[in-house]
Amino acid sequence: MFQDIGSFLSYWRNARLRTVRVLDALTAEDLEWAPTPGAFTFGDLFRHLAGLERFMWAENVQGRPSRYPGHGQELASGLKGVRAYLDQCHQEAMVAFSNLSDANLLAPCQNPSGAEMATWKWLRAMVEQVATAIPFLNSVGRG
């Protein structure tokens with residue numbers, strides 16, 4: 001359980017660094033490669049993670065509905081564009097998360113399916129989603 005907002009913010013910053021390291025290791029040719037036809041590309045995954053952080057989790061913890069924009073290349077293309085989108089979404093989400101109080105962590109928020117849960121649990125779900133994506137990103141090989 002995240003007991004205070006400061007510990008969550010510190011934990012999330014560190015967890016996100018792993019995401020950024022994977023993106024930084026990609027080549028331009030790798031970015032829109034997918035392991036199978038129709039699967040998410042690496043670029044799709046990074047745009048997805050960025051959009052969820054900003055437009056779903058950050059919105060939900062503020063009592064607003066999800067505004068997830070999708071994960072298509074129209075949001076950001078190329079390594080520099082995807083990195084800029086990832087960074088912008090993260091910065092905007094961190095402002096929202098930083099405005100939460102310790103009491104807000106215990107208060108309920110509503111997820112996109114309409115279920116209510118403690119805000120700290122919803123934020124933990126965000127961390128877990130990213131934690132499961134990173135090993136995938138690290139393990140997928142071309143070829």
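The values are calculated or read from the model by the stated rules, or taken from the named source; none is laboratory data. Note that this is a predicted model, so its numbers are computed, not measured. Cβ atoms come from the backbone with ideal geometry, glycine included; neighbour counts cover every protein chain shown.
Worth pointing out:
- For the range 17-37, residues that are among the charged types (D, E, K, R) and under 15 Å from A84 (Cβ atoms) total 1.
- Residue satisfying all of: in the range 4-26; in contact (Cβ under 8 Å) with a residue 24 or more places away in the chain and of a type in the set (S, T, Y); nearest to A131 (Cα to Cα) among these: T19
- Annotation: S66 fulfils all but one of (1) small (G, A, S); (2) at pLDDT 95 or above; (3) assigned to a helix (DSSP H, G or I); the unmet one is (3).
- Extreme residue, surrounded by the most Cβ atoms within 10 Å (Cβ to Cβ), among residues of the range 73-87 that are without any contact (Cβ under 8 Å) to a residue 24 or more places away in the chain and part of a helix (DSSP H, G or I): G81
- Qualifying residue in the range 41-54 (condition: farther than 20 Å from A15 by Cβ and exposed (fewer than 13 other Cβ atoms within 10 Å of the Cβ)): no
- Residues in the range 29-47 include none that are β-branched (V, I, T) and at pLDDT 95 or above.
- Residue within the range 98-111 that is at pLDDT 95 or above, under 17 Å from T19 (Cα atoms) and of a type in the set (A, V, I, L, M, F, W, C) present: no
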